[in-house]
1. Does Val13 qualify as being modelled with pLDDT under 90 and assigned to a helix (DSSP H, G or I)?
2. Go through segment 105-128 and give me each residue that's part of a loop (DSSP other than H, G, I, E, B) and surrounded by 15 or more Cβ atoms within 10 Å (Cβ to Cβ).
3. Using the structure shown, decide if Trp257 is of a type outside the set (Ser, Thr, Tyr), part of a strand (DSSP E or B) and touching a residue at least 12 places away in the same chain (Cβ under 8 Å).
4. Answer yes or no as to whether Phe317 is surrounded by 15 or more Cβ atoms within 10 Å (Cβ to Cβ), of a type in the set (A, V, I, L, M, F, W, C), modelled with pLDDT under 90 and under 30 Å from the mean Cα position of the chain (by Cα).
5. Applying the selection to segment 276-311, what residues are part of a helix (DSSP H, G or I) and under 13 Å from Ala196 (Cβ atoms)?
6. If a residue must be touching a Pro at 6+ places or on another chain (Cβ under 9 Å) and either over 29 Å from Thr165 (Cα atoms) or assigned to a helix (DSSP H, G or I) (or both), how many such residues does segment 77-104 contain?
7. Taking Ala73 as the residue in question, decide whether it is under 27 Å from Ser121 (Cα atoms), touching a helix residue (DSSP H, G or I) at 6+ places or on another chain (Cβ under 6 Å), hydrophobic (A, V, I, L, M, F, W, C) and at pLDDT below 90.
8. Find the residue count for segment 146-183, including only residues that are open to solvent by 40 Å² or more (accessible area, probe 1.4 Å), assigned to a loop (DSSP other than H, G, I, E, B) and over 20 Å from Pro26 (Cα atoms).
Amino acid sequence: MAFAPIANFRQAVSDWIFRATTPETPPVTLVQRRIFILPTRQGYFFAFTVLVLLMASINYALSLGFTLTFLLASMAGVAMLHTWRNLAHLRLRPGRCEPVFAGEMAHFNVSVETPSQTRFSIAMKRRDDEPAYADVMAAEPASISLAVNAMRRGVLQCGRIEVFTRYPVGFFHAWSYVDFGLAVLVYPRPDPAAGAPPSQSRSAAEEGIPIPGDEEFNMLRAYRAGDTARQIAWKALAREQGLLTKEFNATASSELWLDWDDTRAGDLEARLSILCHWVLQAENFGQAYGLRLPGREIPPSRGEGHRARCLEALALFEAPR
């Protein structure tokens, strides 16, 4: 780890150089002009040690001392070159960033490729966050994931990413920056205490909640006396998984509206948490549902795409900045 003044100076210089960045077009190649390098704390200690050896060798006219001094200095020069080469010409591409719920860990993914030999101990980090490390093999892209705690709903921006290495001996810190404009959509935290939507308090047949039937396969359960031979999962029995029974559901066709006015909560975030829970519950039930928010209405439907649209609307509704 570098001295705090050195790290602060490096950060101030990089902030000035990259003060007006815009999202870059992938892939980004770390060419020579993008890479910076400075000694680490261990590097400065090593340089001080070499300087002391040089002064002692001059003072006492030690030929072996000169040999050792220049040998160590040349090794440091070679180490600096290898540190720079470990980062040079890497190709970076943004990965897919999946939405999460508030309170979960968001992951910003970046793919790293090397055009030649294996690169060791390549690290990435956001400002003030812990770094993530990976070795990048030739012709085999590596994915580095930066985990961030998503505390609030809305859009979580990744910001500028520092790519760095201290390989092979830790005497030098070579780094570069990249900004792909990565962002993660953070849904409201579901409120399990919200219960069922008000319209689901009636019978299952009226509201479209799954009911026993023979339309769609639901699950396998343990065999119970009285189950017909048609219900027995013979394939599972042949695989020596025991005697199991196939259970089917039928889904009522009524539509459900998840309405902002039905939440009856005290504040904005509590209402959105309730609606988020209702969206997940309705989707699990397999029924068609719509969403009503102040100024926006999403017509009833179902499926992963519809679920994502509803959760996105909740995440972006008067989202905090």
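The values are calculated or read from the model by the stated rules, or taken from the named source; none is laboratory data. Predicted, not measured: the structure shown is a model, and the values here were computed from it. Neighbour counts are summed over all protein chains in view; Cβ atoms, including those assigned to glycine, are modelled from backbone coordinates with ideal geometry. These accessible areas exclude ligands, DNA and RNA; they are computed on the full protein's heavy atoms, side chains included. Shrake-Rupley method; radii C 1.70, N 1.55, O 1.52, S 1.80 Å.
1. Working: modelled with pLDDT under 90: yes; assigned to a helix (DSSP H, G or I): yes.
Judged against the criteria, Val13 is a match.
2. Filtering segment 105-128 for residues part of a loop (DSSP other than H, G, I, E, B) gives 114-118, 127-128.
Within segment 105-128, just Thr114 meets the criteria.
3. When the stated conditions are applied, Trp257 passes them.
4. no
5. His277, Trp278, Val279, Leu280, Gln281, Ala282, Asn284, Phe285
6. Count: 7.
7. Considered against the rule, which asks whether it is under 27 Å from Ser121 (Cα atoms), touching a helix residue (DSSP H, G or I) at 6+ places or on another chain (Cβ under 6 Å), hydrophobic (A, V, I, L, M, F, W, C) and at pLDDT below 90, Ala73 comes out as no.
8. 7
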